[in-house]
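The next block holds one structure in the form of structure tokens; read it before the comments.
The values are calculated or read from the model by the stated rules, or taken from the named source; none is laboratory data. Since the structure is predicted, the reported quantities are computational estimates derived from the model, not experimental observations. Reconstructed Cβ throughout: ideal geometry from the backbone, glycine too, with neighbour counts over all protein chains shown. These area figures cover heavy atoms from the full protein model, side chains too; ligands, DNA and RNA do not enter into them. Shrake-Rupley method; radii C 1.70, N 1.55, O 1.52, S 1.80 Å.
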Amino acid sequence: MQEIQLRDAKACLSAIVDEAVSGAASVITRHGKREAVVIGYQEWLRLSQVPSFAKLLMLAPDGVAELAERDRTLARAVDL
């Protein structure tokens with residue numbers, strides 16, 4: 001990921017967009033501080049698709065057979 005100053009990004013925006021479309025993101029800086037990231041539209045779509053909590057629950061293992069076996073050994077004795 002390349003960092004480019006805002007004033008330089010203004011001069012070569014077309015090249016930055018071409019790189020973003022091909023998969024190379026660019027960080028835009030202003031006064032040495034990171035301000036923005038230029039990524040391709042397809043990458044933005046992929047990152048913006050956050051599954052709902054309900055969908056995540058539906059993807060969880062649904063059977064006891066898929067869960068790890070519980071360790072049933074007794075805990076050590078503690079003198080109080």
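Observations on the structure shown:
- Hz values of 3J(HN,Hα) by residue in the range 36-46 - Karplus curve (6.51, -1.76, 1.60), Gly and Pro given as x: 8, 10, 9, 10, x, 5, 4, 5, 5, 4, 4
- Backbone N atoms of the range 21-38 closer than 16 Å to the 7 Å Cα→Cβ label point of residue 6 belong to residues 27-38.
- For residue 27, net neighbour charge (Lys/Arg +1, Asp/Glu -1) across residues whose Cβ lies under 10 Å away: -1
- Cα pair distances in the range 1-53, grouped into 10 Å bins until the bin that holds the longest one, percent each: 25, 47, 21, 6, 0
- Length added when fully stretched, residue 17-residue 50, from 0.36 nm per residue minus Cα-Cα: 9.4 nm
- Here's how it looks for residue 29: its modeled amide H is under 5 Å from those of 4, 5, 6, 35, which are all 5 or more places away or on a different chain.
- Selected from 24, 15, 68 as most flexible by GNM, with the chain as the system and alpha-carbon contacts under 10 Å: 68
- Among 52, 14, the sequence by solvent-accessible area, most first, with a 1.4 Å probe is 14, 52.
- If both residues of a DSSP beta bridge must be in the chain, then about 55% of such bridges are antiparallel.
- Most positive-pole-ward Cα, 31, 45, 2, against dipole of the range 1-67 from beta carbon charges: 31
- Of all DSSP bridge pairs formed entirely within the range 1-48, close to 55 percent run antiparallel.
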